[in-house]
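Data first, discussion second: the structure below is written as structure tokens.
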Amino acid sequence: MLQDVLDTAKEKMKKSCAVYEQNLMGLRAGRANPQLLDRILVDYYGTPTPINQIGNISSPEPRLLVIAPWEAKMIPQVEKAIQKSDLGLNPSNDGKIIRLVFPELNEERRKELTKVASKGAEETKVAIRSIRRDAIEQIKKMKKNSEITEDDQRDAEEDMQKITDKAIKEVDEIYAKKEKEIMEV
């Protein structure tokens, strides 16, 4: 019972880290990466659909993405979705494909991107601490209901803190890796 609480919290923390890492893939670091478009949804016949499900995305050059929608009439919707996104890119099309040219990142934009990554890291840490708080409340409730002893409660809270520290360390490592990638010229 007590182990279930710890395992559930650990699993939720892992998921929080994975979501943060996934979100960071959407931050561009000077190179064109098709994963940048994963978060962008296009109105496809009334249904919000990821761009990669509407057409092919390729990166023929390091700073160029080419989107080839399967239906040519989807080009305006795809362009609109990209313009609305936080990528800051201007798509251009020739009637068949959409080109996204990634400008070289200047120092100011790099710092801005690291701030965005840092903010995401902080939000993830807050989520992890919230998971810890919920787990500790469950542990205290178990103690109050005499399901566990005081020693079990203390041990479980210490274990929960270790799990939390490990998850926060993982978030810091993910952030450090992304920051290095962004600041790389």
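Grab the Cα-Cα distance for residue 115 and residue 25, subtract it from 0.36 nm times how many residues apart they are, and report the gain in nm with one decimal. Don't skip to the end; give the middle numbers.
Numbers: separation 90, 0.36 × 90 = 32.40 nm, distance 1.48 nm.
Here the answer is 30.9 nm.
Cross-link partners among aspartates and glutamates for residue 73, C-alpha distance below 14 Å, same-chain residues fewer than 8 apart left out?
43, 94
For the cross-link pairs 125/177; 12/162; 111/177; 12/169; 14/180, which exceed 18 Å when the distance is taken from alpha carbon to alpha carbon? Mind showing how you got there, number by number?
Values: 125/177 16 Å; 12/162 15 Å; 111/177 15 Å; 12/169 15 Å; 14/180 23 Å.
Going by Cα-Cα distance, 14/180 fall outside the 18 Å limit.
Limiting things to C-alpha atoms, what are the Rg and the maximum Cα-Cα separation (Dmax) for the chain, in angstroms?
Gyration radius and largest Cα-Cα distance of the chain: 21.8, 71 Å.
In debye to the nearest 20, how big a dipole does the chain give about its Cα centre with +1 on each Lys and Arg Cβ and -1 on each Asp and Glu Cβ?
Working: 33 positive and 34 negative charges, 107 e Å.
Once rounded to the nearest 20, the dipole reads 520 debye.
Computing the accessible area with a 1.4 Å probe over protein heavy atoms, can you report the carbon and sulfur percentage for the chain? Intermediate results must be reported in sequence, preceding the final value.
Working: 5540 of 11250 Å².
Percent of accessible area from carbon and sulfur atoms in the chain: 49.
Show me, for region 157-172, the HN-Hα J-couplings you get by feeding each phi into the Karplus relation (A = 6.51, B = -1.76, C = 1.60, θ = phi - 60°), rounded to Hz, glycine and proline as x.
5, 5, 4, 4, 5, 4, 4, 4, 4, 5, 5, 5, 4, 5, 4, 4
Please report the spacing between the Cα centers of region 1-50 and region 139-160 in Å, no decimals.
33
With a probe of 1.4 Å, find how much accessible area the chain has per residue, and write the answer as a whole number in Å². Numbers along the way, then the final one.
On the way: 11250 Å² over 185 residues.
So the chain comes to 61 Å² accessible per residue, rounded to a whole number.
Relative to the present Cα-Cα distance, how much length would full extension add between residue 183 and residue 94 at 0.36 nm per residue of separation?
On the way: separation 89, 0.36 × 89 = 32.04 nm, distance 3.34 nm.
Length gained, residue 183 through residue 94: 28.7 nm.
Quickly work out the residue 107-to-residue 1 label distance, labels modelled 7 Å from Cα along the C-beta direction, and quote it in nm with one decimal.
6.1
Mark the label point 7 Å from the Cα of residue 155 along Cα→Cβ and return the residues of region 1-24 whose backbone N is within less than 18 Å of it.
Under cut-off, by backbone N: 1-8.
Work out the charge dipole of the chain with +1 on the Cβ of Lys and Arg and -1 on the Cβ of Asp and Glu about the Cα centre, then indicate which of 139, 81, 174 is farthest towards its positive end.
Projecting each Cα onto the dipole axis, the largest value belongs to 81.
The values are calculated or read from the model by the stated rules, or taken from the named source; none is laboratory data. Just so it is clear, the model here is predicted, and its values are computed rather than measured. Note: ideal-geometry Cβ built from the backbone for every residue, glycine included; neighbour counts use all protein chains shown. Please note that ligands, DNA and RNA were not included when accessible areas were found on the heavy atoms of the full protein model with its side chains. Shrake-Rupley method; radii C 1.70, N 1.55, O 1.52, S 1.80 Å.
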